[in-house]
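Trainee: My questions will all concern the structure given below.
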Amino acid sequence: MTAGVATHCPYCALQCATTLHPANQPGAGPVSVEPRDFPTNRGGLCQKGWTAAAVLDVPDRLTTPLIRKDGVLTPASWTEALDYVAERINALQAEHGNDSVAVFGGGGLTNEKAYALGKFARVALRTANVDYNGRFCMSSAAAATNRAFGIDRGLPFPLADVGDAQAVLLVGSNLAETMPPAVAHLAKAQEQGGVVVVDPRRTPTAALADVHLQATPGTDLALVLALTHVVLQEGLADQDYLQERTDDPDGLHRSTAGWWPERAERVTGVPAAQIRQAARLLAAAAPANGGEGCVIMTGRGAEQHSKGTDTVTACINLALALGLPGRANSGYGCITGQGNGQGGREHGQKADQLPGYRKIDDPAAREYVANVWGVDPADLPGPGKSAVELIDALGTPEGPKALLVHGSNLIVSAPRLASVRERLASLDLLVVADVVPSETALLADVVFPVTQWAEEEGTMTSLEGRVIRRRQALRPPGDARSDLAIFAGLAERLPTRSDGFSLDPAEVFDELREASKGGIADYAGISWDRLDAGEALFWPCPADDHPGTPRLFADRFATPDGKARIVLVDHRAVADDLRADAPLYLVTGRLLQHYQSGAQTRRVAELASAEPEVFAELHPRVATRLGVPDGGEVELRTARGSMRLAARVSSDVRPDTVFVPFHYGGAGAVNELTNDALDPVSRMPEFKVCAVEVLAVANTREVSA
Ligand SMILES: Nc1nc2c(c(=O)[nH]1)N[C@H]1C(S)=C(S)[C@@H](COP(=O)(O)OP(=O)(O)OC[C@H]3O[C@@H](n4cnc5c(=O)[nH]c(N)nc54)[C@H](O)[C@@H]3O)O[C@H]1N2
Ligand SMILES: Nc1nc2c(c(=O)[nH]1)N[C@H]1C(S)=C(S)[C@@H](COP(=O)(O)OP(=O)(O)OC[C@H]3O[C@@H](n4cnc5c(=O)[nH]c(N)nc54)[C@H](O)[C@@H]3O)O[C@H]1N2
Ligand code: SF4
Ligand SMILES: [Mo]
């Protein structure tokens, strides 16, 4: 057997290490996947990782560019497709200005693709309108950590540190299904009775917790304020740390004084005694109280709300009160989701950002990056619209007339789909680059077939802020090319005539290093050679002889005075809260077997047969009231839309809550129902909760008859 190609899983941010070998099983893909030992996955893989090779040669894999002719997507050559798109862009920009063309990126793109996408938007298109699906993902945590710590690296410590912690608080994360191999890192905390999970459902993660706080959806902020209240009230806070390392040692008292556990119980439904128990358990694990370490982590359950930034801020404040950030086996971290969710948010895909996590409205940053790109700083556009606002503006008189999508399946994954559908339909030009004909690609005027993980070289930055190598094991099928080829091919055809778009990912990475140099996310010292030699490099890594930074905040935070900012926050209600005709909470999230919009995993037979279609998980009490058996059909109605689906009756979910996974397209897309109310700071939509009415379909038929 050959040594195989050492790479990483194509899906989530855990980036489990794998080795690819030539295929040995017919029908399972052109290569076989074997787990490889690595600090995050410790030799483990989840079912998606094991079956990932199947996506490489699915029967409907895109292998040639397509142009819509007489309404039908028709095969075309690359030259024809690039010429066509460039001409259309040219005409639209000449008539409506540069901002009339928008670009939408993805957190699954390699660092090189993400960097090139941001540069392409700013240099070749000169448009301000670029954003990406990370806005839907960890943007609330990013906003909160930037605000408090002056830096946004999801986990500011290696994941293995969690494995040495005595207590772990997971707020709105279902790690056991969304990153199964990571559960190994909870073993010590489990042994010590220290795992606390906040989730309205008894998920597999909640099932392994010592304390499950099964809070009412949308009330995490109140709950965490109450936990902090107990810590301060019972003298369990680290006062020295608050004095020395934060800017407002007394502020937390003021902002949490009103959140005594009995009051929080009324809002969250979590018994006051359980709130006290959890607070004491976490405090006992804090190093200042003689514990072996305490980690607080948030997932999308806490973050995808119109108050997500403030909820994460409350979690950070609790961590600061306990003196955790920068201490051994302790701290606050956001569990980044997408494969390159971390790197994807550092190199300029964001509306307000230049490479190195620089701010696009900072004159010094503009000058530095413009110099690397060989353009005049005055020619760089300013900040653009965030994802939902960008989608809302598509096709409007003032808004973009063309959209280029790289690495997102918006028509399944964006909130309030009726409006997304309308906006996409009103475009003059929709271009989608993808590996498969996703639901969004099927709406496009032009589709570009691109290479995916095992067919390309590149780098990804995992949830730990560690840069890793993606390596090529196969030749791309048919005429598929890297996204890099699209940026280069269009750039040379546009009036800006930019030639600074390399097809070689190693060259692009070297340019990215230069562009990030001196920025917050500094990659200057990270080279492919060092990575290939097996060095574990976490950013910031400013020089060739710098060892990288696995742990942040040991002595100072990345704020001007080095102190963490305590931002005072208070609880507020869900944007679309319960009402008489919508008396339950609809919450959305993930299943073990499917990834995101399902564009990839719904095409893998083993995964599709395990979870073939959408369902609504609801409590037996709700089912009885409606007279719906397990598997019976229900209709869900929210202020934005309705859908019919099978009921999955389970006492794991709160009686006031219905859970629906978001992995399905068409009539199975729960985002027909979700709310696009935005967090004022992060611009994150409120995917996680809205009011819903549930009806038995038999009853709806009676009513309409
Ligand atoms: N299998 C699988 N794994 C994945 C992905 C996938 O699609 N499938 N995607 C990857 C990506 S991009 C991401 S972002 C991560 C996401 O990983 P997670 O954050 O773990 O995933 P979710 O299922 O979206 O949400 C977690 C939990 O939030 C709960 N929840 C809903 N509303 C609330 C609330 O108001 N408060 C609290 N506390 N909890 C609430 C849900 O019940 C759910 O169990 O997973 C990554 N890994
Ligand atoms: N209701 C609800 N909605 C949600 C969420 C939720 O919890 N609830 N979660 C949100 C979150 S956290 C996220 S991250 C989003 C994700 O949702 P999407 O942005 O739709 O993400 P994916 O489904 O991963 O889509 C990625 C697409 O890129 C393609 N692709 C893969 N590799 C490449 C590549 O290298 N280049 C190009 N051009 N394409 C590639 C894939 O085939 C796929 O079609 O969904 C959000 N939507
Ligand atoms: S946990 Fe994430 S990275 Fe690991 S195998 Fe599963 S999907 Fe892949
Ligand atoms: Mo995500």
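Trainee: If I go through region 342-384 residue by residue, how many of them are of a type in the set (Gly, Ala, Ser) and touching a Pro at 6+ places or on another chain (Cβ under 8 Å)? Explain how you work it out, then say what you get.
Mentor: We begin by selecting, within region 342-384, every residue of a type in the set (Gly, Ala, Ser); these are 343-344, 348, 351, 356, 364-365, 370, 374, 378, 382, 384.
Still in the running and touching a Pro at 6+ places or on another chain (Cβ under 8 Å): 348, 351, 370.
Looking only at that region, the number is 3.
Trainee: Further question: When you scan region 8-18, how many residues do you find that are part of a strand (DSSP E or B) and either within 14 Å of ligand 2 (Cβ to nearest atom) or closer than 12 Å to Thr110 by Cα (or both)?
Mentor: Adding up the residues that qualify gives 2.
Trainee: Please go through region 29-53 and give me each residue that is among the charged types (D, E, K, R) and either over 22 Å from the mean Cα position of the chain (by Cα) or away from ligand 2 (no atom under 16 Å from the Cβ) (or both), ordered by number.
Mentor: Scanning region 29-53 gives Glu34, Arg36, Asp37, Arg42.
Trainee: With the requirement that a residue be assigned to a loop (DSSP other than H, G, I, E, B), charged (D, E, K, R) and in contact (Cβ under 8 Å) with a residue 40 or more places away in the chain, what does region 45-72 give you?
Mentor: Asp60, Arg61
Trainee: Quick check: anything in region 252-260 β-branched (Val, Ile, Thr) and out of contact with any Cys (no Cβ under 8 Å at 6 or more places or on another chain)?
Mentor: In the first step, residues of region 252-260 are kept if they are β-branched (Val, Ile, Thr); the result is 256.
Adding the requirement that they be out of contact with any Cys (no Cβ under 8 Å at 6 or more places or on another chain) leaves 256.
The answer is yes, given that some residue of region 252-260 is β-branched (Val, Ile, Thr) and out of contact with any Cys (no Cβ under 8 Å at 6 or more places or on another chain).
Trainee: Could you list all residues from region 428-453 that are more than 9 Å from ligand 2 (Cβ to nearest atom), of a type in the set (Asp, Glu) and closer than 21 Å to His663 by Cβ?
Mentor: None; the set is empty.
Trainee: Filter the helices (runs of 4 or more DSSP H) completely within region 254-316 down to those with at least 1 residues that are within 16 Å of ligand 4 (Cβ to nearest atom).
Mentor: Helices (runs of 4 or more DSSP H) meeting the threshold: 300-303.
Trainee: Restrict the check to region 305-321 and report whether at least one residue is surrounded by fewer than 24 Cβ atoms within 10 Å (Cβ to Cβ) and within 16 Å of ligand 2 (Cβ to nearest atom).
Mentor: No.
Trainee: Only one residue in Pro217, Pro261 is in contact (Cβ under 8 Å) with a residue 40 or more places away in the chain and either among the polar types (S, T, N, Q) or in the same structural domain as Leu320 (by TED's automatic domain parsing) (or both). Which one?
Mentor: Criteria check complete, one pass: Pro217.
Trainee: Scanning region 466-514 for residues that are small (Gly, Ala, Ser) and modelled with pLDDT under 95, which turns out nearest to Pro156 (Cα to Cα)?
Mentor: Here the answer is Gly500.
Trainee: When you scan region 129-141, do you find a residue that is within 22 Å of Ala285 (Cα to Cα), touching a helix residue (DSSP H, G or I) at 6+ places or on another chain (Cβ under 9 Å), in a loop (DSSP other than H, G, I, E, B) and polar (S, T, N, Q), even just one?
Mentor: Keep residues of region 129-141 that are within 22 Å of Ala285 (Cα to Cα), which gives none.
For region 129-141, residues within 22 Å of Ala285 (Cα to Cα), touching a helix residue (DSSP H, G or I) at 6+ places or on another chain (Cβ under 9 Å), in a loop (DSSP other than H, G, I, E, B) and polar (S, T, N, Q): absent.
Trainee: Just need a number here: residues in region 402-435 that are closer than 19 Å to Arg88 by Cα and surrounded by fewer than 24 Cβ atoms within 10 Å (Cβ to Cβ).
Mentor: The number of residues fulfilling the criteria is 8.
Trainee: Now, a different point. If you check Arg644 against the conditions, is it not in a strand (DSSP E or B) and not hydrophobic (A, V, I, L, M, F, W, C)?
Mentor: Working: not in a strand (DSSP E or B): no; not hydrophobic (A, V, I, L, M, F, W, C): yes.
No: the conditions fail for Arg644.
Trainee: While we're on this one: Suppose the filter is on the phi > 0 side of the Ramachandran plot, in contact (Cβ under 8 Å) with a residue 40 or more places away in the chain and surrounded by fewer than 24 Cβ atoms within 10 Å (Cβ to Cβ); does Gly97 pass it?
Mentor: No, not satisfied.
Trainee: Looking only at residues in region 489-506 that are over 27 Å from the mean Cα position of the chain (by Cα) and outside any loop (DSSP other than H, G, I, E, B), which one is farthest from Phe448 (Cα to Cα)?
Mentor: The selected residue is Ala491.
Trainee: Pick out the one residue from Leu14, Leu20 that is more than 20 Å from Gln338 (Cα to Cα), crowded, with 23+ Cβ neighbours inside 10 Å and either touching a Ser or Thr at 6+ places or on another chain (Cβ under 8 Å) or at pLDDT below 95 (or both).
Mentor: Working: Leu14 fails: more than 20 Å from Gln338 (Cα to Cα).
None of the others qualify; the one that does is Leu20.
Trainee: Condition first: part of a loop (DSSP other than H, G, I, E, B) and acidic (Asp, Glu). Now tell me which residues in region 376-428 satisfy that.
Mentor: Asp376, Glu398, Asp428
Trainee: Same structure again: Can you pull out the residues in region 164-200 that are surrounded by fewer than 23 Cβ atoms within 10 Å (Cβ to Cβ) and either more than 16 Å from ligand 3 (Cβ to nearest atom) or acidic (Asp, Glu) (or both)?
Mentor: Asp164, Glu177, Ala187, Lys188, Gln190, Glu191, Gln192, Gly193
The values are calculated or read from the model by the stated rules, or taken from the named source; none is laboratory data. These figures come from a predicted structure and were not determined experimentally. So basically every Cβ, Gly included, is an ideal-geometry build from the backbone, and we count neighbours across all protein chains shown.
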